[in-house]
Amino acid sequence: MIKNTNILQDTHGRNHAYLRISLIERCNLRCTYCMPANGVPLSPKSHLMTYEEIYNIAKTFVKHGVTKIRLTGGEPLIRKDLPVILKKLATLPVELSITSNAVIIDKFIEVLKANKVNKINVSLDSLNASKFTHITRRNEFKKVYNNIDLLVKEGFEVKINAVLIKDFNDNEIIDFIRFTKTRPVAVRFIEFMPFDGNKWDKSKMVSYAKVMEYVYKSFNKATVLRLKDAPNDTSKNYKIEGYKGSFAIISSVTNPFCDSCNRLRLTANGQLKNCLFSASESDLLTTLRSGNSIEPVIQKAIQAKFKIRGGMDTLDKLEEPKLHRKNRSMITIGG
Ligand code: SAM
Ligand code: SF4
């Protein structure tokens, strides 16, 4: 019998106030680290949450203390009813944000503003057009690059997510940091993480320590300022003195931040994941459709949350394909 009345608190004392909702399993890019070349099996449309179901599930989480909702995917902007979803979610007392590859975001400026979506995270793994095409398997660099400047001009708070892969884009770390000299954006270097079908191996990963080695080789140590991280922040934040923007490292592999984790993830087919790395899922959508309360299912899922990375608490366990392949491909989790 679970006695705790705060259903969003786990057995390690963590409160979960942040829900990431994946709106779609499809994408207009094909990033190699996110999905296999031949795609992933897609859920039939009838198994995906409708906008009403997304709203109903979100409302339950908000009732229990969720204050932030981030929309992700796949690519959330290619979901046809995105404007309706935004409008419904904007009626809830939450901070609404979005993670996008920004290929078509110029068409959504007004709808984002109208629904008070101010924080946008954009994926961009290279500042070089042909490398961008190589990693995303699509030729859309120019659009993304121009759209980042457009978002800044339009007053959005922009973070750029760059997944670092050894011998692919680690030679661009300093270029990315220089990109923040005149732009008020935060570039976040993400350690490459293992998921089903992304051919991860540790030797391809660029660690937090390695990033800082590059930084201290290129900049005078006194000008590299360590910033105060926000509570529950997944990133270690820095800036170069005098630069408009900042940079950060998200080190889920070498330096997990699970102690302060406040995140939950809802997949496009209505499965609650209590951790990005969790192999198990809880079916909120079927429960909702059967007319039952989803609250006990949420509570049970949160009570089962492991202390560290879905139970893969050591690097050895994370490296074990049998363990990390039990999880989905990132494209169907949402990042
Ligand atoms: N399509 C949107 C985008 O790319 O921003 C949203 C979905 S994408 C799955 C969300 C985030 O997950 C992106 O920033 C992407 O870089 C990150 N991601 C995907 N696979 C990853 C991996 N294997 N390791 C680290 N980050 C990953
Ligand atoms: Fe699409 Fe984002 Fe995955 Fe790239 S990282 S394939 S843009 S979902």
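The values are calculated or read from the model by the stated rules, or taken from the named source; none is laboratory data. Note that the structure is predicted; figures quoted are calculated from it, not measured. All Cβ positions, glycine included, derive from the backbone under ideal geometry; neighbour counts span all protein chains shown. All accessible areas refer to the heavy atoms of the entire protein, side chains included, with ligands and DNA or RNA removed. Shrake-Rupley method; radii C 1.70, N 1.55, O 1.52, S 1.80 Å.
Select from the stretch 104-126 the residues that are part of a strand (DSSP E or B) and over 15 Å from Lys153 (Cβ atoms) and write down the one among them that is nearest to ligand 1 (Cβ to nearest atom). Filtering first and then ranking leaves Ser123.
You will find that of Gly245, Gly311, the residue that is more than 16 Å from ligand 1 (Cβ to nearest atom) and in contact with a strand residue (DSSP E or B) (Cβ under 8 Å, 6 or more places away or on another chain) is Gly245 and no other. Residue pairs whose Cβ atoms lie under 8 Å apart, sitting 6 or more positions apart in sequence or on different chains, and linking a residue in the stretch 10-23 that is within 11 Å of Lys68 (Cα to Cα) to a partner that is surrounded by fewer than 16 Cβ atoms within 10 Å (Cβ to Cβ) and among the aromatic types (Phe, Trp, Tyr), do not occur here. Within the stretch 25-46, one or more residues are surrounded by fewer than 19 Cβ atoms within 10 Å (Cβ to Cβ) and assigned to a helix (DSSP H, G or I). One residue is enough: does the stretch 311-324 have a residue meeting the conditions part of a loop (DSSP other than H, G, I, E, B) and within 16 Å of ligand 2 (Cβ to nearest atom)? Checked against the condition, which is being part of a loop (DSSP other than H, G, I, E, B) and within 16 Å of ligand 2 (Cβ to nearest atom), the stretch 311-324 yields no hits at all. So, of the residues in the stretch 169-187 that are of a type in the set (Val, Ile, Thr) and not in a strand (DSSP E or B), which turns out to be most open to solvent (accessible area, probe 1.4 Å)? So, considering only residues that are of a type in the set (Val, Ile, Thr) and not in a strand (DSSP E or B), the one most open to solvent (accessible area, probe 1.4 Å) is Thr182. In the stretch 272-284 there is no residue that is surrounded by fewer than 17 Cβ atoms within 10 Å (Cβ to Cβ) and either in contact with a Ser or Thr (Cβ under 8 Å, 6 or more places away or on another chain) or free of Cβ contacts under 8 Å to residues at least 12 places away in the same chain (or both). Residues of the stretch 132-140 include none that is surrounded by 21 or more Cβ atoms within 10 Å (Cβ to Cβ) and away from ligand 2 (no atom under 14 Å from the Cβ). Would you check if Ile190 is assigned to a helix (DSSP H, G or I), within 12 Å of ligand 1 (Cβ to nearest atom) and open to solvent by less than 30 Å² (accessible area, probe 1.4 Å)? No. Examine the stretch 147-168 for a residue that is within 11 Å of ligand 1 (Cβ to nearest atom), open to solvent by 20 Å² or more (accessible area, probe 1.4 Å) and touching a Pro at 6+ places or on another chain (Cβ under 8 Å), and state whether such a residue exists. No, because not a single residue in the stretch 147-168 is within 11 Å of ligand 1 (Cβ to nearest atom), open to solvent by 20 Å² or more (accessible area, probe 1.4 Å) and touching a Pro at 6+ places or on another chain (Cβ under 8 Å).
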